[in-house]
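Participant: Let me give you the structure first, and then I'll get to my questions.
The values are calculated or read from the model by the stated rules, or taken from the named source; none is laboratory data. Keep in mind the model is a prediction, meaning the values are calculated, not measured. No Cβ is skipped: glycine too gets one built from the backbone with ideal geometry, and neighbour counts run over all protein chains shown.
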Amino acid sequence: MTEAAVRTRLWRDGVLEKEDFPFEELSDYLCQPDCMVWADLQAPDAARLSELGEELSLDKLAIEDAVAHHERPKASRYASHTFLTARALQLDRQSGELSDIQVSAFVLKQAFVTVHAGEWFDIDTIVERWDENAELMRYGVKALAWGMLDVLVDSQFDVVQALDDEIEDLEDLLFDQANGAHQLQRRTFALRKSLVRTRRAVLPMRELVNTLARRDNDVPPELRPYLDDLYDHVLRAAEWTESLRDMIGSVFETNLSLQDARLNTIMKKLTSYTALIAIPTAVTGFYGQNVPYPGFGQHSGFVSSLVVIALLASLVYLAFKHAGWL
């Protein structure tokens with residue numbers, strides 16, 4: 001792991017004092033009661049994270065969860081710290097596929113340590129949220145935790161909004177005869193898969209934020225409205241995903257029903273054309289009997305058979321057309 005993958009910040013009495021100081025100085029500032037530090041580790045290896053755990057007395061289970069990449073969003077309280085893990089989401093509107101990155105944090109009394117993979121997630125979005133609410137920094141590390149979770153919930157909200165828009169577009173495509181049914185099915189399946197992954201990231205956030213904002217968790221009163229607002233956003237996102245699940249299920253079922261209806265229409269048309277073809281077959285078969293009939297062996301008999309075929313076929317065609325079968 002390179003030094004470029006580590007970022008640090010120092011606040012003294014809630015005022016930003018220093019940035020990008022050496023990672024090894026982190027524990028030095030923790031001895032000063034008026035200091036609060038933040039360290040971000042991008043894609044750390046297990047050895048570096050274990051070294052940090054020994055320096056800050058982090059629980060081994062929390063360190064293992066931070067290194068793992070498929071942890072369920074949660075908040076776990078340990079003797080010396082609280083461990084948070086959540087997921088940042090991003091939706092590719094072209095393919096309907098969802099990308100997610102695990103972002104974990106150790107919340108100590110005077111330190112806030114974040115761990116995440118590189119790829120597309122930009123830690124600067126969290127830093128900007130802290131800078132936009134610099135007055136909250138004097139309330140301690142819970143303000144840093146709020147800023148991180150607020151950014152992650154916003155990313156989840158953006159994905160839920162995008163999924164809502166995509167599902168509405170699917171509803172428009174349902175009744176578009178020019179659109180291929182195969183393409184619509186693939187798109188629906190991709191969005192359903194992305195919605196399932198979104199729900200897995202969003203639904204546990206209620207418990208996570210509730211654990212962080214619990215009354216017995218030393219949350220400053222000034223910070224509580226921000227955590228309550230965050231919890232409200234989490235509830236809205238969770239309820240939205242539930243409604244989207246019903247919507248995409250309705251789209252899927254409606255698509256199957258429309259395919260059945262189109263198949264019935266095709267069968268009606270095929271049956272109607274079969275009936276039309278049966279008329280000349282019946283007439284010519286009748287006139288092909290080896291018994292005398294009006295016009296037998298004469299040109300007029302041939303003409304009369306054509307007239308009968310045309311007349312009967314026209315009557316049947318008009319009857320099917322009136323019934324909407326053709």
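Participant: Residue check, D13 against (1) exposed (fewer than 15 other Cβ atoms within 10 Å of the Cβ); (2) at negative phi, all met but one. Which one?
Facilitator: If we test D13 against (1) exposed (fewer than 15 other Cβ atoms within 10 Å of the Cβ); (2) at negative phi, just (2) comes out false.
Participant: Next question. Go through E168, E132 for me and flag whichever is free of Cβ contacts under 8 Å to residues at least 12 places away in the same chain and farther than 18 Å from D229 by Cβ.
Facilitator: E168
Participant: What is the one condition in (1) within 28 Å of the chain's Cα centre (by Cα); (2) closer than 26 Å to L235 by Cβ; (3) not basic (K, R) that V107 does not satisfy?
Facilitator: (1)
Participant: Moving on to the next point. Working carefully through the options T254, T274, T241, find the one that is exposed (fewer than 13 other Cβ atoms within 10 Å of the Cβ) and polar (S, T, N, Q).
Facilitator: T274
Participant: Read through the list (1) in a helix (DSSP H, G or I); (2) within 20 Å of R72 (Cα to Cα); (3) not charged (D, E, K, R), then give the number of the only condition that L173 fails.
Facilitator: (2)
Participant: Which one of G147, G140 is at positive phi and buried (at least 16 other Cβ atoms within 10 Å of the Cβ)?
Facilitator: Being at positive phi and buried (at least 16 other Cβ atoms within 10 Å of the Cβ) holds for just one of G147, G140, which is G140.
Participant: Using the structure shown, decide if A117 is of a type in the set (A, V, I, L, M, F, W, C) and under 22 Å from D228 (Cβ atoms).
Facilitator: Answer is no for this residue.
Participant: Determine if segment 194-208 includes at least one residue that is buried (at least 19 other Cβ atoms within 10 Å of the Cβ), under 14 Å from the mean Cα position of the chain (by Cα), part of a helix (DSSP H, G or I) and not aliphatic (A, V, I, L, M).
Facilitator: The answer is yes, given that some residue of segment 194-208 is buried (at least 19 other Cβ atoms within 10 Å of the Cβ), under 14 Å from the mean Cα position of the chain (by Cα), part of a helix (DSSP H, G or I) and not aliphatic (A, V, I, L, M).
Participant: Sticking with this structure for a sec: Are there any pairs with C-beta distances below 7 angstrom linking a residue in segment 251-276 that is assigned by TED's automatic domain parsing to the domain that holds E168 and over 22 Å from I167 (Cβ atoms) to a residue that is aromatic (F, W, Y) and part of a helix (DSSP H, G or I), with the two at least 6 apart or on different chains, and if so which?
Facilitator: Pairs found: none.
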